[in-house]
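Chemist: If you scroll down you'll find the structure; I have some questions about it.
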Amino acid sequence: MSPNKELRQEIEHLKNKYMCPDLYIAPYDMSDSQLQKRRFDGKDLHFERFQDLTNNELLVPPFYEDIMDLPTVGSKFIRSTTNFYKGDLVQVTVEMGHWRLKYHDIRHKEYVTDAKNTVGFAYWSEQKRWALLNPKDWEKRKEELEQDLENPLLRQVELEFYYLLEEAAEARKTYVIQLTTASFLSLIAKLEELKWYLQTVPGLWAAFKLYSLPVHDLLLNRVKDLYNNALPKALKLAEEHEGEVLNWKDYELLEEFEELIKPFLLEGYEVVEDRVYPNVRRMYTERQQVDSYASVETLKQYKEIASDLFYNSGETSSFVWFNEVKSEYSNLY
């Protein structure tokens with residue numbers, strides 16, 4: 001399976017069109033004067049007026065609620081939600097109001113929104129910076145982005161990437177069992193088919209903000225190391241031992257080769273800059289409900305375990321194998 005020229009050009013076009021610096025969205029620390037107000041006000045609601053986006057950081061109100069509904073002054077709360085973060089667009093909604101106990105069940109609260117503010121931000125390639133955008137123009141750019149996502153070539157390339165990953169993973173499994181030169185050469189052939197996809201699809205995912213740019217850079221460097229260095233050396237060694245048993249544990253360069261392909265062909269997580277991302281195979285799995293017991297909370301716990309395993313390992317590699325995560329999860333839960 002080899003991508004044709006039209007597919008290559010269109011995917012590269014979309015990747016380049018939406019590739020831009022990540023916008024780091026983080027809650028700010030509330031001041032004592034904010035916390036002492038009876039209710040939050042317009043200054044708190046319109047957080048966008050006080051942003052300096054030149055450092056690619058957007059500070060939003062944290063979730064805060066008074067711990068008590070006082071008899072006279074009542075209570076207050078504020079919270080922010082990222083509604084949209086894809087490509088070169090971000091949209092955030094801030095709500096403020098008060099809470100009260102439910103009349104029919106005073107064990108629980110209900111939140112009454114007194115005011116809401118939805119704002120959109122976009123990356124301007126000409127100025128090379130993120131900026132606030134008026135609602136009409138933001139919706140126009142979102143419509144253009146959604147139209148680009150309708151491109152059937154996007155669906156085609158992601159499906160092809162998925163099936164090639166599965167085939168290569170199966171080829172690796174066969175080689176590990178047989179340890180023959182023939183099975184190793186079959187694995188090499190599958191990796192050669194994957195080359196353009198590994199060079200391109202993670203970048204596409206970074207453009208649409210499924211991966212951060214540091215993750216993309218790490219994966220791209222790993223791909224370069226694989227195809228420019230490890231794979232040619234491994235292929236030469238295999239050709240020199242044609243018809244023989246070829247155990248990767250007997251050769252240092254094959255061990256290095258194995259370490260490079262595992263993050264692509266085994267399911268797991270990448271831990272980069274204190275954040276956890278599914279690797280390319282796990283990216284597909286987490287969207288298919290293959291684990292009937294895996295809830296959203298379970299997936300969150302998997303990532304927490306992956307982070308712990310990464311730091312406990314001495315941080316020799318950003319990749320954490322999913323089987324290790326699942327084993328630790330079974331021990332903990």
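A quick yes/no check of all residues on (1) under 27 Å from residue 160 (Cβ atoms); (2) surrounded by 14 or more Cβ atoms within 10 Å (Cβ to Cβ):
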residue: 232; (1), (2): yes, no
residue: 247; (1), (2): no, no
residue: 252; (1), (2): no, no
residue: 256; (1), (2): no, yes
residue: 271; (1), (2): no, yes
residue: 295; (1), (2): no, no
residue: 298; (1), (2): no, no
residue: 316; (1), (2): no, no
residue: 319; (1), (2): yes, yes
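Chemist: Quick check on my filter: what residues within region 4-23 are surrounded by 13 or more Cβ atoms within 10 Å (Cβ to Cβ), out of contact with any Ser or Thr (no Cβ under 8 Å at 6 or more places or on another chain) and either outside any helix (DSSP H, G or I) or on the phi > 0 side of the Ramachandran plot (or both)?
Modeler: Scanning region 4-23 gives 19, 21, 23.
Chemist: Still on this structure: Write out, first by first residue and then by second, each pair whose Cβ atoms fall under 6 Å of each other, whose residues are 6+ apart or on separate chains, and whose first residue, in region 65-84, is open to solvent by 20 Å² or more (accessible area, probe 1.4 Å) while the second is of a type in the set (Lys, Arg) and not in a strand (DSSP E or B).
Modeler: What qualifies is 66/76; 73/38.
Chemist: Still on this structure, I have one more. Counting only residues that are in a helix (DSSP H, G or I) and polar (S, T, N, Q), which one in region 151-180 is least open to solvent (accessible area, probe 1.4 Å)? Can you show your working first?
Modeler: Kept after step one, since they are in a helix (DSSP H, G or I), are these residues of region 151-180: 152-178.
Now restrict to residues that are polar (S, T, N, Q): 156, 174, 178.
Numbers: 156: 69, 174: 50, 178: 106 Å².
Per the criteria, the residue is 174.
Chemist: Then there's this: Quick check on residue 303: is it in a helix (DSSP H, G or I) and under 21 Å from residue 160 (Cα atoms)?
Modeler: no
Chemist: Related question: Of all residues in region 103-145, which are exposed (fewer than 12 other Cβ atoms within 10 Å of the Cβ), in a strand (DSSP E or B) and of a type in the set (S, T, N, Q)?
Modeler: Passing the criteria: only 113.
Chemist: Looking at region 201-216, is at least one residue open to solvent by 60 Å² or more (accessible area, probe 1.4 Å), of a type in the set (A, V, I, L, M, F, W, C), under 27 Å from the mean Cα position of the chain (by Cα) and farther than 21 Å from residue 169 by Cα?
Modeler: Yes, region 201-216 has at least one match.
The values are calculated or read from the model by the stated rules, or taken from the named source; none is laboratory data. All figures in this text were calculated on a predicted structure; none of them were measured in a lab. For neighbour counting, all protein chains shown are included, and Cβ atoms are generated from backbone atoms with ideal geometry for every residue, glycine included. Remember, those area values only see protein heavy atoms, side chains included, never the ligands or the DNA or RNA. Shrake-Rupley method; radii C 1.70, N 1.55, O 1.52, S 1.80 Å.
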